[in-house]
Each structure stands twice: as structure tokens, then as C-alpha cells.
Amino acid sequence: MSAIDPGMEALLETFVYESNTMLEQLDEILLDSERAQNISHENIDSIFRIMHTVKGSAAMMGFTAISSLGHAVEDVFFIVRETPDKLTKVFSDLFDLVFQSSDFLKREVERVTSSNYEEGDPSALVERLHHLAAVMKGQSPLEETASSAAAAKSAEAGSDTANADELHKIRVFFEDDSQMENMRAFMLLTQLANCCDILESVPAHPESDSSLCADIIKNGFLIMCRPLDSLSDVIKIIENSLNIKSYEIIPDEEASFRAAESSDSSEGKGEASEAKTAGAAGGASGKTGAGGSKQSLISVNQAKLDMLMDLVGEIVTAESMVASNPDLKGLKLDNFTKSVRELRKLTDELQDVVMSIRMVPLTGTFQKMNRIVRDMTKKLDKKVELVTFGGETEVDKTINDTIADPFMHMIRNAIDHAIESPEERLALGKPEAGTITLNARNAGGEILIDVADDGRGLDTEKILIKARNNGLLTKPESEYTDKEIFQMIMLPGFSTNAEVTEYSGRGVGMDVVRKNIEKVGGSISIHSVKKEGTTFTIKIPLTLAIVDGMNISVGDTVFTLPITSIKQSFNITDPSQVLHNTDGTEMILLRGECYPIIRLHDHFNIATEKTEVMEGIMIQVESGNSIACLFADELLGEYQVVVKPFPAFFNKYNLKGHGLSGCSILGDGSISLILDVGNLMNLS
């Protein structure tokens, strides 16, 4: 395990978050540049800065593998930045190599939080990067390694003392009790490195010694820099940095840039420094005044958001229990009722705010799919374009994380199974490049996401043959509709690929997609036209924690139906509407269409007096493309319910498979079972 200094443990989450963000940005820049077959000066600078930051942060944390590989990539882009024309002859090789490096870095960053983390070995990638740098400069790998490292070191240290006259001096003071001032100083230097070609400080290497905190607190942190453009860029970064109390720009005649200034801290010096700081706080900085521009975004651990959502759920439940307390029945309590209404308004607002905090746009997940498309098209020698719409659509963070794997499986399947080779597409009169489309949109309380391709479409005959060979058919083949046949590809172990490839043919994939979608309360439907393409439509809830539900009773049991699953409810006045099949199942005729009836008291074996269809209530529900009617005793009303998972010891009973997705506590303290409409229909 790579030893982490105890003082660095608090920064580990920040390192992982920031590194992942920058590596995703790196992939995006590389993909855009590779598609354009050109890389702009701005993107070259961005890649150089990303790798410089990742390298520096990893070195600070003690992650040698990440730091050394980041340094090697930085060396290459230092050459590209200085002599862009050198890129032409190595363009393709460079992008392949940097993508591989990005993959290695992502894996390492993902693993660093593990208790048994062992660093990977990037030496092969580092050696190839050094060789590529040598090719670009026409030198041997050994000579290039030395020269590029020296060049990078020179750029980092800013050791060009010949231009010291042009340097600006700035003294920075951190907020009281901000703690770890030496690390904050180092992080500030890291930010400033992007806009300065010379950068020095007193203390010179603040990250190396935590005992420097006392000096930085007392005397401030002294920065000497030469900006790439203007001093205002440097000042802007300082003003927007966290935990900065004040700063002052020191005129040349007052500056004494000596290490002794940090180590010799007499009382008189300290008082003079404090006086200067007070003046700077009211003048140059204004950080503590009303005009200061503090950062408005912060990073929060997702576990804390989960805990906050759980607490809000408990508050919603407690508020409902207070308002519905049976001890208050029949009492006229006007003031109490007014207070309860106000409490309900506030809990609703609190719930909305907390839910909005957890919402994240799908853009990041969509962008990650670009990398899948890029890698697969190169290996399978196909041409595919990924088009996305609705990336700004927001979903709960937990759902967003869960659907990334299904998207990956579906896009891999589309490229491997559906999209034809360029030659085949041209012969069919199609464009040489296939198109995969991701389209997200809001639909009431749900999100709809289409994953579509313009490939060869699903072949119902092949699917039926495969299903027959695998013993999956449950009725004569002639009775299956196209939609039912399409759904067969979601069955475990089903695959239409004749050969096992790197991406498919092992009989896994689409069943995993269905399970992951259902895990977050979603459903998936398929529409396909042979030789034209296939569209998978995923329907997922906005959030998992709190849902709007309709409570219904069956005997003494209360069930909750998600409002988004309900189409309508009605009473049957004409018994002839109910049709009886030869296998004992029932159908109901509504406006010329027949739908299956699911009697909840029969399905769950619940005793009830209302067994005749004209005595109870029918609720028409839908899931995906399926529609059915549930028969219950009566509707109890619409409520917001907090979804609770079943206790772990119920797992052996497969309650979800029997049509239950969770439970909720009602206002009177009793339990309501939440129905899973999709699984109920599958069982009927």
C-alpha cells in the first residue's frame, strides 16, 4: 500500500474528486480534438495544465505511479506546446497513448481509497511516452528523457532569475482557524502555476513541512511571480480561492525576498505585518467586506447527502404522524390545524430543496459514452457517431450513477451487433457512418431516455430460433407479438452473437441492463424495424427516496401505488366487461381494448369481503408498453411516502420478484407496502 501521510488523509477525497474531474475533462478534449484531426493551442495548454495539476497533486499525496505518468504526459505536451508542428507525424500514436495513460490514471485514482491499495506500474507507458517525445525532437529516448524533464522542471520552478525585475510580490493571509495553512499555500501555488511562467514563494516548498503553518499564520505567505498575461489574472485567482482572509501587493522598494523573512519572526515584525494586513483587508482585498467574491460552489460527500435525505424522510413521516394522530380525532383544534398546515408547507419546501441538491445533469454520463464509442470503433473498424440530446436533464445522483453501466452495455451492443460495417452500410444505401443517439427528456415525474441506432434492427426470426433452442418459449411461436419477441433479448443468458468477442457473445449484457434499470425503479421497452434500427426507451423515476403515491386497501392491508404508474381508476357497473379465458385468467374490455385483471387479494392471498368486481375498484396501471388493471377494495387517497427498503433478512423471499418494491410508514404508524407494477404484470 502506498503510504499516505496522516496529515494528507483529510485531502484524499478532494484529490480523488478533482483528479476524476480533470481526467474527464482530458478525455473530452482528446475526443473533440481527435474527431477534428487537429488540436488547438488552447487545448494543448489545457492538457498541459491538467497533467501538471494531476502530477503535482499526486506527488503531494505520495502517489508515485500517478505522479510519474502524469509527468511523462506533461513532458510530451511541453514539447507540443513549444513546437506544435512536431505533432503532425505522431498525431494518431500520441492520442492512443494519452488515452491509455488516462485509463491507467483513472484506475489508480479509483483505487487509492482502498485500504489495501497497491500502486500500479506505469513504466511501460512512461517509456513509450519518452520514446514518443524522442521521436518528436529527433533525439534518443535517453537524451530526450533528460532534456524534457529538465525543461518541465525549469517551467515548474520558474528559475529564470534574469528577469527578476519583472516579478510581482504578493503577501497572502489565510482566514483564522482555517488549519493546514501550508497545504492551502501549496494549493494556491498550484492554481497560480497555470497563469505564471515564474513562480516562487516563501516558504519555498510549503507542502513539505507542516511546522511552517505557524510562520504562515504570523507573517503571511509571500508569493513572487511573473504572470503570463497580466497581474489581474493572478489577483482574480487569489480572490476566488477559499480561506483567503486578505492579501497585499508589495511595492518593489518594500520587498525583501529572503528566506530569513520567514524564519526570523520577531515580535516587532509580527506587529508590523498585522498592521499591514489590516490595511490590506480593508483596501486591496475587500475579502471580508460585502464586496468580496467568495466561491459559491462547494463539494459535499454524497454520504452526507444520503443522510440528509434520510432525515428529511423521517421528518416527512413524523409530520404525517403528528397530523394524523388518532388522539386528535373529533377535536376542533383550529390553531393546531393552522400550525400543521404551516409545518407541512415547510417540510415540502425542505424536501424540494434537498432533492434538488441531489439532482445532477446527465451530461457527464452522456459524455463518458463518447469514449466507449471511440475505442470500439477503432477496434472493430467501424464508423459510428454518437449524438446526444437533453444532457441538461437532471436525475438523482444515485440513479445517475446506476444507469452508467446500462448505457455502456447498450452502446457496446449497438456497435457490435447492430451497426453494420462501412461497406455493408454503403451497399444498403445508408451513410458510411452509423449513428447512435442518446435522448433524455422529462415526462411528468419520470425521465425518459432513448438509446437509438440506425443499424440492422432486431431479427425476430433469429431471436425466436435462439429462444427455442434455449428452451425459453412458453407458448406457440405464432402467438408471440414482435414486442414480446424483442423483450426476449433481456432474458439471462440470451445472445444473438454467434461468436464470442471482446464485447459480446457471452450471453450477458442486456439482462444486466434490465436488472440495473429495475433496481432504480425503472423499466425498459424496445422498438425495432428490420434494416432501419432499434430504439430502447428507458423510463426512470426522478428520485428514489420520496414518491407521490396512491394508497389502496385490500382487506386489512394497505398498498401504495406510485402515481406515475396509474392511468385511471374506475368502478365496474357492467359485469359483461369482464371476460374469462380458458386458462382461468380474466380480461377487461375498455374502449375496444382488452387488458388483464390482477386481483391483488388473490395474488397476495389476503382475506377480504370484496371479491366481486362490482364491489371494489379497478386501477389501470402501466409499465413500459404493458397495461393491466389492478382490482382492490378501495382508494384511500394520495400521499407522499418515504420509500424504505425491506430489511436484509427478507432478501431470501424475493419480494421484488413477487411485485413489492419497498415499504413506507403511514401517518398512524402502520406499514404500507409499495407495489412494483412492472413485476406484478410479469407474474400475471
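The values are calculated or read from the model by the stated rules, or taken from the named source; none is laboratory data. Predicted, not measured: the structure shown is a model, and the values here were computed from it. In this analysis, Cβ positions are derived from the backbone assuming ideal geometry, glycine residues included, and neighbour counts consider all displayed protein chains. Surface accessibility is based on the protein's heavy atoms, side chains included, excluding ligands, DNA and RNA. Shrake-Rupley method; radii C 1.70, N 1.55, O 1.52, S 1.80 Å.
The slack in the chain from residue 421 to residue 401, taken as 0.36 nm per residue of separation less the alpha-carbon distance, amounts to 4.0 nm. For segment 538-684, taking the reciprocal of the average inverse distance between every pair of different Cα atoms yields a Kirkwood hydrodynamic radius of 15.9 Å.
At an R0 of 25 angstrom, the distance between the Cβ atoms of residue 324 and residue 658 translates into a FRET efficiency of 0.30. Extending 7 Å from the Cα toward the beta-carbon at both residue 124 and residue 635 defines two label points whose distance is 6.4 nm.
Packing-wise, with mean Cβ within 10 Å as the measure, how do 411-423, 635-647 rank, highest first? Each step should come with its number before you reach the end.
On the way: 411-423: 20.3, 635-647: 16.1.
The packing order, highest mean first, is 411-423, 635-647.
Between residue 591 and residue 175, what FRET efficiency comes out of the Förster formula 1/(1 + (r/R0)^6) with R0 = 60 Å and r the beta carbon distance, rounded to 0.05? Given R0 = 60 Å and the Cβ-Cβ separation, E is 0.30. The alpha-carbon positions of segment 211-254 define a convex hull whose volume is 104 Å³ per residue. Here the simple spin-label model places points 7 Å from the Cα toward Cβ, and for residue 529 and residue 331 these points are separated by 6.6 nm. Classify segment 535-625 as rounded, prolate or oblate from the Cα gyration tensor: take a ≥ b ≥ c as the square roots of its eigenvalues, call it rounded if a/c is under 1.5, otherwise prolate when a/b beats b/c and oblate if not. Verdict is oblate for segment 535-625. Annotation for residue 82 and residue 342: the two label points, set 7 Å from Cα along the Cα-Cβ direction, are 7.1 nm apart.
With the whole protein complex present, residue 328 retains an accessible surface near 50 Å², based on a 1.4 Å probe.
Considering only protein heavy atoms and a 1.4 Å probe, what is the carbon-and-sulfur percentage of the accessible area of segment 545-675? Kindly include the intermediate steps, with their values, before the conclusion.
On the way: 3420 of 6710 Å².
The computed percentage sits at 51.
Inter-part distance, segment 57-101 to segment 639-684, computed on C-alpha centroids, equals 52 Å.
Considering only Cα atoms, the convex hull volume of segment 615-684 works out to 120 Å³ per residue.
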